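**Q** Here's a structure for you.
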Amino acid sequence: MSAHLSLAPLLESFFRDRLTKQRNASPSTIASYRDALRMLILFIAEHTGRKPAALLIDDFDRDLILAFLDDLEKKRKNTIQTRNARLSAIRSFFHHVAANDPASLGITQRILAIPVKRSHIKVTHHLSQNEVDALIEAPDQKTQRGRRDRTLLLFLARTGARVSEAIGVNAADLTLDSLRPQVLLRGKGRKERIVPISHDLSSALKKLVNERGIALHEPQPLFVGLYETRLTRFGATHIVRRAATIASSASPELARKIISPHIFRHSLAMKLLQSGVDLLTIQAWLGHSQVATTHRYAAADVEMMRRGLHKAGVSGQHGARFKPRDAVIQLLESI
């Protein structure tokens, strides 16, 4: 194959064959990769003076791609995490190019060698139980919209679902007519998990589906907007922000915090951790692929550290001397 292979057929086979058929990528992953490559192609076209349809693999210079990644941060104000996500999409595409166009191996190797950018891990912020309750109770229960909003907020707070998982739930994913209510969530990479539902959430969900006139076995979206279509991420975020504005009048401390759908997830994780739930259980609950992701909640809990400091006797106050319980150990200590 020529080193000057056209871009179009490689893009088509990448999305239709590699992502869709071979990797069974989720629609959100495909959309994310599409957006990243679209921005890169427009950037390359602008800097080479060629139309996107006329670009060749040779036009994708390593330095130009580095300039594109820098542009994401400086002009688009993307975070380092977003920059690295864009790079991941680019790498995936050029892995595909390397496999299908051996003549361009030199180009692809230089691009695949671009390292991810290290970022400072921010402290994970969370809300107190009173703050979570204030947000949940903010919507007006006298209106249908208010009842939907409260149920969505309660769902986020009790399940710890990502906003994409919450708005993706269908009525058929709920199991409410049992002593152990639960919901099926579809996470990143098409990974599914089942999480328990609290009694107050179960009651709210039953009222929601009854009010909408849908049955639990139907594949109908659970949370819908004005025109009975599935609620969007933007719509869910707007609901959370609207509740935060209302709740801030009674809880001024909320006004000083950044409130988003994801903060409910952080708050539940911290609540579980403080209640003694082990990290592996929290990992399974939240759908983290690695326990290291879950571990950041333990690292962020200052009060747990403070209790550990006191328990270890290094708080500056001399605690009681350790006394072994075992008789044999006591004997050895007495010698």
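Taken together, the values in this text are just the output of simple stated rules run on the coordinates, not laboratory data. Just so you know, these numbers come straight off a predicted model, no measurement behind them. Here the Cβ is made from the backbone with ideal geometry for all residues, glycine too, and neighbour counts use every protein chain on show.
**Q** Here are some pairs, LYS74/LYS188; LYS21/LYS75; LYS117/LYS188; LYS77/LYS257; LYS77/LYS188; LYS51/LYS77; which of them have Cα atoms lying more than 31 Å apart in this structure?
**A** The answer is LYS21/LYS75.
**Q** For HIS217, what is the net charge nearby, where nearby means another residue's Cβ is under 12 Å from its Cβ and Lys, Arg count +1, Asp, Glu -1?
**A** Taking every other residue near HIS217 into account, the sum is -3.
**Q** On full extension of the chain, what length is gained from ASN210 through LYS191, given 0.36 nm per residue of separation minus the C-alpha to C-alpha distance?
**A** Net length gain for the segment: 3.9 nm.
**Q** Just for the Cα atoms in segment 37-147, what are the lengths along the principal axes, largest first, rounded to whole Å?
**A** Largest to smallest, the principal-axis extents are 65, 32, 28 Å.
**Q** Compute the distribution of all C-alpha to C-alpha distances in segment 129-308, in bins of 10 Å from 0, and list the percent of pairs in each, rounded to whole numbers.
**A** In order of increasing distance, the bins hold 9, 37, 37, 16, 2, 0 percent.
**Q** Another question about this same structure. Can you tell me the length gained on complete extension of the stretch HIS95 to ALA45, counting 0.36 nm per residue apart and subtracting the Cα distance?
**A** Stretched fully, the HIS95-ALA45 segment lengthens by 15.9 nm.
**Q** Also, I was wondering about something else. How would THR237, THR108, THR79 line up from fewest to most surrounding beta-carbon atoms within 10 angstrom?
**A** The order, fewest Cβ neighbours first, is THR79, THR237, THR108.
**Q** So, one more: Based on other C-beta atoms within 10 Å, arrange TYR227, TYR33 from fewest to most.
**A** Ascending Cβ contact count within 10 Å gives the list TYR227, TYR33.
**Q** Using the beta-carbon distance between ARG110 and SER260 and R0 = 41 Å, what value does 1/(1 + (r/R0)^6) give for FRET efficiency, to the nearest 0.05?
**A** On the way: r = 38 Å, r/R0 = 0.93.
Computed FRET efficiency for ARG110 and SER260 comes out at 0.60.
**Q** Where Lys and Arg each count +1 and Asp and Glu each count -1, what net charge lies around SER251 among other residues with Cβ under 12 Å from its Cβ?
**A** On the way: positive: ARG256, LYS257; negative: GLU131, ASP133, GLU137, GLU253.
Taking every other residue near SER251 into account, the sum is -2.
**Q** Counting only C-alpha contacts under 8 Å and six or more residues apart, can you give the relative contact order of segment 20-127 as a whole percent?
**A** Relative contact order of segment 20-127: 27 percent.
**Q** Within a Cβ distance under 14 Å of ILE107, other residues only, what is the Lys/Arg minus Asp/Glu net charge?
**A** -2
**Q** Which of THR29, THR245 has the fewest other C-beta atoms within 10 Å, and how do the rest follow up to the most?
**A** Ascending number of Cβ neighbours within 10 Å: THR245, THR29.
**Q** Another question, then. Given R₀ = 45 Å, FRET efficiency for ASP61-VAL224 by Cβ-Cβ distance, to 0.05?
**A** Between ASP61 and VAL224 the formula returns 0.45.
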